[in-house]
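K.L.:
My structure is below; once you've seen it, I'll send some questions.
The values are calculated or read from the model by the stated rules, or taken from the named source; none is laboratory data. Just so it is clear, the structure is predicted and the values come from calculations on it, not from any experiment. Neighbour counts are summed over all protein chains in view; Cβ atoms, including those assigned to glycine, are modelled from backbone coordinates with ideal geometry. Remember, those area values only see protein heavy atoms, side chains included, never the ligands or the DNA or RNA. Shrake-Rupley method; radii C 1.70, N 1.55, O 1.52, S 1.80 Å.
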Amino acid sequence: HSSELIARMDSLRMLQRTLSVTFAETIVDGTTATVALFLVVIDSPALALASLICMASYAVIRIFGQARHVRLSEEQVIRASRVQTAFTETVHGIENVKAHGGELARQLNWDGLLVRWFNTSTTLQSCTAHFSAALQALQILNFGACLWLGARAASSGQLSLGALLSSLSLIQLFG
């Protein structure tokens, strides 16, 4: 059916985006973070360690939640395909549906499919929002910890104010 082809093409577009744009963004972000972390290590290993702990914490959160996120993403694509298929089949066979009085049954079926797709999409957005909230919380915690550690090091003469400010600006690149 054409709706199945449309749904598969949508899936391929999502996959292509993941493999091209998202992959390139990840490589650039990873390289930037690695260079920034290296520069922070030169100025203050304690600040770099605090940042590594926060990054590792986010990695753990992401690893434990990734399976659910992938499952929800797959389920969303499948449910969207079912909604499109039901709609397209109804449009193609509208004369038969009307002739046999099946409008209400078709409407209820489509409504149910649409509600299940919407619920899956909402759950997926919630999962993504949890990842985003965890990342933002860890970024704030990381900056606060680095500011505190850096201020202690600067007040004791172990780190200059310029090195502290440059390290803090580099640490903000990790997010």
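K.L.:
Can you tell me the 0 to 90 degree angle between the C-alpha axis of helix 45-92 and the longest principal axis of the chain, rounded to 10?
P.N.:
The answer is roughly 10 degrees.
K.L.:
When each pair of different Cα atoms in the range 73-136 is counted once in the 1/r mean, what is the Kirkwood radius in angstroms, to one decimal? Could the numbers behind the result be given before it?
P.N.:
Details: mean 1/r = 0.0753 Å⁻¹.
For the range 73-136, inverting the mean 1/r across all distinct Cα pairs yields 13.3 Å.
K.L.:
Could you estimate the translational diffusion coefficient of the range 37-85 from the Stokes-Einstein equation, with Rh from the Kirkwood formula over C-alpha pairs, at 25 °C and 0.890 mPa s, in whole µm²/s? Please report the intermediate quantities before stating the final value.
P.N.:
On the way: Rh = 13.5 Å.
Rounded, D is 181 µm²/s.
K.L.:
How many Å² of accessible area per residue for the chain, probe 1.4 Å? Spell out each step's value before the answer.
P.N.:
Details: 11520 Å² over 175 residues.
That works out to 66 Å² for each residue.
K.L.:
In addition: For helix 161-171, report the angle its Cα long axis makes with the longest principal axis of the Cα atoms of the chain; keep it between 0 and 90° and round to the nearest 10°.
P.N.:
So the inclination is approximately 20 degrees.
K.L.:
Please determine, in degrees from 0 to 90 and to the nearest 10, the orientation of helix 23-43 with respect to the longest principal axis defined by the Cα atoms of the chain, where the helix direction is its Cα long axis.
P.N.:
10 degrees
K.L.:
log₁₀ I(q)/I(0) of the chain at q = 0.09, 0.18 Å⁻¹, via Debye over equal Cα point scatterers, no solvent, to two decimals?
P.N.:
For the requested q values the scattering log ratios are -0.52, -1.11.
K.L.:
Once you list every other residue whose beta carbon is under 15 Å from the beta carbon of LEU72, what net charge do they have if Lys and Arg are +1 and Asp and Glu are -1? Mind showing how you got there, number by number?
P.N.:
Numbers: positive: ARG62, ARG68, ARG71, ARG79, ARG116; negative: GLU74, GLU75.
Charge balance near LEU72 sits at +3.
K.L.:
How much of the accessible area of the chain, in percent, comes from carbon and sulfur atoms when a 1.4 Å probe is used?
P.N.:
Working: 7810 of 11520 Å².
That share works out to 68 percent.
K.L.:
In addition: From the gyration tensor of the Cα coordinates in the range 97-175, what semi-axes in whole Å does the equivalent ellipsoid have, largest first, with each one equal to sqrt(5λ)?
P.N.:
Working: eigenvalues 691, 17, 4 Å².
Semi-axes, largest first: 59, 9, 4 Å.
K.L.:
With springs connecting C-alpha atoms under 10 Å apart, model the chain as a Gaussian network and identify which of ASN142, ASN96, ASN109 has the largest mean-square fluctuation.
P.N.:
The residue that fluctuates most here is ASN96.
K.L.:
LEU108 to HIS69: extension gain in nm, 0.36 nm per residue of separation minus the Cα-Cα distance? Walk me through the numbers on the way to the answer.
P.N.:
Details: separation 39, 0.36 × 39 = 14.04 nm, distance 2.88 nm.
Computed gain between LEU108 and HIS69 is 11.2 nm.
K.L.:
How much length is gained on full extension from SER155 to GLN172, taking 0.36 nm per residue of separation minus their Cα-Cα distance? Before the final figure, lay out the partial values.
P.N.:
Values: separation 17, 0.36 × 17 = 6.12 nm, distance 2.18 nm.
Length difference between fully extended and current span is 3.9 nm.
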